[in-house]
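The structure appears right after this line, and notes come after that.
Here, each number is a calculation from the coordinates, and none is a lab measurement. No experiment lies behind these values; they were computed from the predicted model shown. No Cβ is skipped: glycine too gets one built from the backbone with ideal geometry, and neighbour counts run over all protein chains shown.
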Amino acid sequence: MSLASYIGCNIELSITDDEYSDESLYIGGCFAGEYDLQNVKKFQFTTPYVYEISSHWGIEITEFMNPKTCAESKKKLIELCKRMDGYLKHGDYFELYSCWVGEETEKREGEITLLINNFDIDQIEIPEKTLVRFEK
């Protein structure tokens, strides 16, 4: 199984057409299929547009992770917030949700809200099945 990360937003984003990129983070398919995207939209997000954030592995930040993988997730999250900051207007938001592919319909285990430009990456935890709302 693979850990996939998804974002939901109120605006349409351009996606990477290929299924794989050497970039550390890009908007486009990697692990999930169309059915998975529909399920995460229906069961987790409040937004009309849903995308997989492909990064060779999902974004998860917990104290129990391998330190290297956790550091990579932190780097991906910072990059994602920088990119989304360029798309969003003041008062808008985007949502992030990570889970194992096939578990998109399962009950979420947590929710947090963060300001897109005002959080300490070393002080947050984002385990799988946690909906994170980033507000601008």
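Among what's in segment 41-77 and is part of a helix (DSSP H, G or I) and within 11 Å of the chain's Cα centre (by Cα), pick the residue that is surrounded by the fewest Cβ atoms within 10 Å (Cβ to Cβ).
Lys76
Out of curiosity, is Ser98 crowded, with 22+ Cβ neighbours inside 10 Å, assigned to a helix (DSSP H, G or I) and of a type outside the set (Val, Ile, Thr)?
no
Report, by residue number, each residue of segment 32-87 that is without any contact (Cβ under 8 Å) to a residue 60 or more places away in the chain and of a type in the set (Ser, Thr, Tyr).
Within segment 32-87, Tyr35, Thr46, Thr47, Tyr49, Tyr51, Ser54, Ser55, Thr69, Ser73 qualify.
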